[in-house]
Amino acid sequence: MTNQSRGVSRRGVLGGAAAVGVAAPAFIGKAIAQGQVTWRVQAHWPKASVSFNDSLVKLATILEEETEGAFKMELFGAGEFAKGPEIFAITQRGIVQMGTGSASYYENEGTCAGFAYGIPGTLRNALEQMHYIKNMEVEALFASELAEKGIIYKAEKAYPTELVVSKKVNSVDDFRGLKLRSSGTMLDYLTAAGASASYIAGSELYQALSSGVVDGAHWGAAQGAQSMSLWEVCKHHYRPPLGFTDDAWIFNADAVEALPDDIRTVFEAAVETRYFLRSAEYMHLEAKSLSEGVANEGITVEEFPDDVLALFTEASGKIIEKEAAKSEKAAKCADNLTSLMKDLGYS
């Protein structure tokens, strides 16, 4: 019987809270004796993206070092095997053992995807998002849905989503005239607020912006815009964040099940701890990148007009209601979010 039919591996969904430390080097000898493990990893990030290097390459380096070379990863940039939402299928089928992406790409796979991605216009900093995802069951609820399909899901980092635009937005009418690249609940959010939003893969984004197919986009926030060269064509960087979201790792459950115990211990610990370390690091680098953009690339940091922000607030409530109606698990995610917002004084 495969993990896909069982839904979860023999030690739970990637070890859960038990993965709190990395094995000592002396523990690795058993895995080396069993031979090396090599995984193929398809990223949704282009190799130019900051997260390809600081998230994926960093994790691969940690795993190779901590296992004394027994666990290696062959890394593929966006589109080399598949791109965006397509990565789920090739990971599920075992063409690659691991993928990167966003819960927004998996909306057809689980009813909690919207909450795992992050509901725009709700939480206001990365710490709140991390608490909601990890401590308020959202990751676990969504992971339980994907486990039934042979996929193990883990959040990769929490980060802000900010819009970069080639045109200044002075009014609601200006905003409603924008064509924007988006995904997931953020796409619904921008559409509900009146913009024309559509999904474009990361590998095609710069061309779409430079040719005028779209007027603006979000790819994370400052670091994403900088590393993807979006500021070359979009000089207006808008705040406050549209929301806080999570990137994600997905793993073929059978591939995880097949890992030798000592390698798997290191793997689970690294994935879990990197979420917190990477999220904190990301916010530091966000401030640095935005300062560099202002100083070196001529961008301006703008604030949305009050009437546009009012549209965002209205849109956010509608998205929570829509997502909550998808299932009992989704309703639980919604209840946890509204409870947290009330405790924080946001509603």
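The values are calculated or read from the model by the stated rules, or taken from the named source; none is laboratory data. Predicted model, so just to flag it, every value in this text is computed and none were measured. FYI the Cβ positions are ideal-geometry reconstructions off the backbone, even for glycines, and counts take in every protein chain you see. Each accessible area value is taken on the protein alone, full model and side chains, heavy atoms only, with ligands, DNA and RNA left out. Shrake-Rupley method; radii C 1.70, N 1.55, O 1.52, S 1.80 Å.
Counting only protein heavy atoms and a 1.4 Å probe, the chain has 39 square angstrom of accessible area per residue. The gain in end-to-end length when the residue 307 to residue 232 segment is fully stretched comes to 24.2 nm, 0.36 nm per residue minus the alpha carbon separation. Build a GNM of the chain with springs between Cα atoms under 10 Å apart, and of 49, 198, 316 the one that fluctuates most is 198. In the chain, the calculated helix contribution to ellipticity at 222 nm averages -13500 deg cm²/dmol per residue, counting -39,500 (n - 2.57) for every DSSP H run with n ≥ 4.
Rounded to the nearest 0.05, what FRET efficiency is calculated for residue 38 and residue 204 with R0 set to 30 Å and r the Cβ-Cβ distance? About 0.50, to the nearest 0.05.
If R₀ is 41 angstrom, what is the calculated FRET efficiency for the pair residue 285 and residue 90, using the beta carbon separation as r and rounding to 0.05? Approximately 0.85, to the nearest 0.05. Between the residues 236, 222, 263, the greatest Cα displacement towards the positive end of the dipole of segment 217-270, with unit charges on the Cβ of Lys, Arg, Asp and Glu, is found for 236.
Taking every DSSP beta bridge that has both residues in the chain, what percent is antiparallel when rounded to the nearest 5? Restricted to the chain, the bridges split so that about 55 percent are antiparallel. Within segment 275-316, find all residues whose amide N lies under 15 Å from a label point positioned 7 Å from the Cα of residue 48 along Cα-to-beta-carbon. Once the point is set 7 Å along Cα→Cβ of residue 48, nothing inside segment 275-316 turns out to lie under 15 Å by backbone N. Convex hull volume of the C-alpha atoms in the chain, normalised per residue: 123 Å³. Between helix 261-296 and the chain there is an angle of about 20 degrees, using the helix long axis and the longest principal axis of the Cα atoms.
Taking the longest Cα principal axis of the chain as reference, the axis of helix 126-135 is set at about 40 degrees. So for segment 176-218, considering every pair of alpha-carbon atoms, how many percent are separated by more than 14 Å? Across segment 176-218, Cα pairs with separations above 14 Å total 37 percent.
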